[in-house]
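The values are calculated or read from the model by the stated rules, or taken from the named source; none is laboratory data. What you see is a predicted model, and the numbers here were worked out from it, not measured in a lab. All Cβ positions, glycine included, derive from the backbone under ideal geometry; neighbour counts span all protein chains shown.
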Amino acid sequence: MKQKSIMLALAASLLLSGCNMASISNSLKSQHYMATGDYQQGVKTFAKSVRETPDNASGHYYLGRFLLAQHKYDQALPHLKTAARLNPDEDYYFWQGLAYGQLGDNANEKKSYILALKLDSDHSQSRLYLGHLKLKENQYKEALQLYDSVLKQYPSNPSALYNRGLTLQFLAKNVDEKNAWLKYLDLYPAGYLANRAADHLNSLGDFSYRNYYLGKRTVTLKEIRYSSRSSNQLSSTSYPSLKLIGAILVNRPEEILQVVVYENGNPSLARKRANSIKTHLLDRFSEIEEHQIQVSWFQGPEKLKIGKKTFKIQSSVRFFGTGKA
């Protein structure tokens, strides 16, 4: 009896909140098709739903979503517009805006996000994409405010973090920009955007992260550090970077890793540090052959040219792959 009462209460709450069984059914179906990636079946299912109940907003909405997933933007837009007309909803307006954006209609894209935010001022997706539009329109202060508002809700949102760094770059706020790239890379150290973020960071003279060409791809690695300025004992903060290098060497036994260490005025320390990296990798990856790691060292600073600037890094480690020995 208690379970039945709970079910009846749930049904009543759904009715009071404006839900209906058709919308609930559509939501469950859409979740299944999205999860399985069966967008074609999603289109078929909701096209049938729209034919049978043309005044059901959720049917149009999900049909539009699946058409968007198939990159059929011109077909998706009418259904998303119909969904928003039948039942003004922040999500409906957001996806309508996304369709407009894919079709190059930035004016109506912006209007759609604004309509969504009028219904729900905390709609983070609309704030995020409105921020992208402001950035595209060179309205950097407005873009920064929108990205900050998204990050207040979702501090690890990758798109807001990355584009916030770009926005600060355009605003010439170098210190804030540097911190933005560091925050992004601390959370998302891999992938194409990590490569770009590291490049932006390095252009500011910060080499906490750098890109290296290893195993036929560019990887972003955190700076190799030691327990003290005069020590060759690796800091534990360097282990994740070295673990990734080790995995690449294991997967590509033909790869030869070059480890180059610079210590301005101290070639002995440079040699010890280079060998400590080699020893660390060999100790932790039994599959790596000793000949796969070659070390060298220099007593001067590393000179790195980025754009029109040349940086001198007093103490650094550089990696690169050279293929077969």
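When only residues in the range 184-200 that are hydroxyl-bearing (Ser, Thr, Tyr) and surrounded by fewer than 18 Cβ atoms within 10 Å (Cβ to Cβ) count, which is nearest to the chain's Cα centre (by Cα)? Within the range 184-200, the match that is nearest to the chain's Cα centre (by Cα) is Tyr188. Restricting the range 230-239 to residues that are free of Cβ contacts under 8 Å to residues at least 24 places away in the same chain and touching a strand residue (DSSP E or B) at 6+ places or on another chain (Cβ under 8 Å), the residue that is nearest to Gly321 (Cα to Cα) is Ser238. Of the residues making up the range 304-315, those that are loosely packed, with under 12 Cβ neighbours inside 10 Å, touching a residue at least 24 places away in the same chain (Cβ under 8 Å) and in a loop (DSSP other than H, G, I, E, B) number 1. Annotation: of all residues in the range 20-46 being exposed (fewer than 15 other Cβ atoms within 10 Å of the Cβ) and over 31 Å from the mean Cα position of the chain (by Cα), the one that is modelled with the highest pLDDT is Lys44.
A residue that is in contact with a Gly (Cβ under 8 Å, 6 or more places away or on another chain), more than 24 Å from Ala198 (Cα to Cα) and not in a helix (DSSP H, G or I) occurs somewhere in the range 246-254. With a requirement of 3 or more residues that are over 17 Å from Ser27 (Cβ atoms), the helices (runs of 4 or more DSSP H) lying completely within the range 38-130 that satisfy it span 39-52, 73-86, 90-102, 106-119. Consider the range 201-246 and keep the residues that are basic (Lys, Arg) and at pLDDT 95 or above. The one that is surrounded by the most Cβ atoms within 10 Å (Cβ to Cβ) is Arg210. The test for being basic (Lys, Arg), at pLDDT below 95 and under 30 Å from Tyr192 (Cβ atoms) does not hold for Lys278. Here Arg318 passes the criteria (1) touching a residue at least 40 places away in the same chain (Cβ under 8 Å); (2) more than 18 Å from Ser241 (Cα to Cα); (3) surrounded by 14 or more Cβ atoms within 10 Å (Cβ to Cβ) except the one numbered (2).
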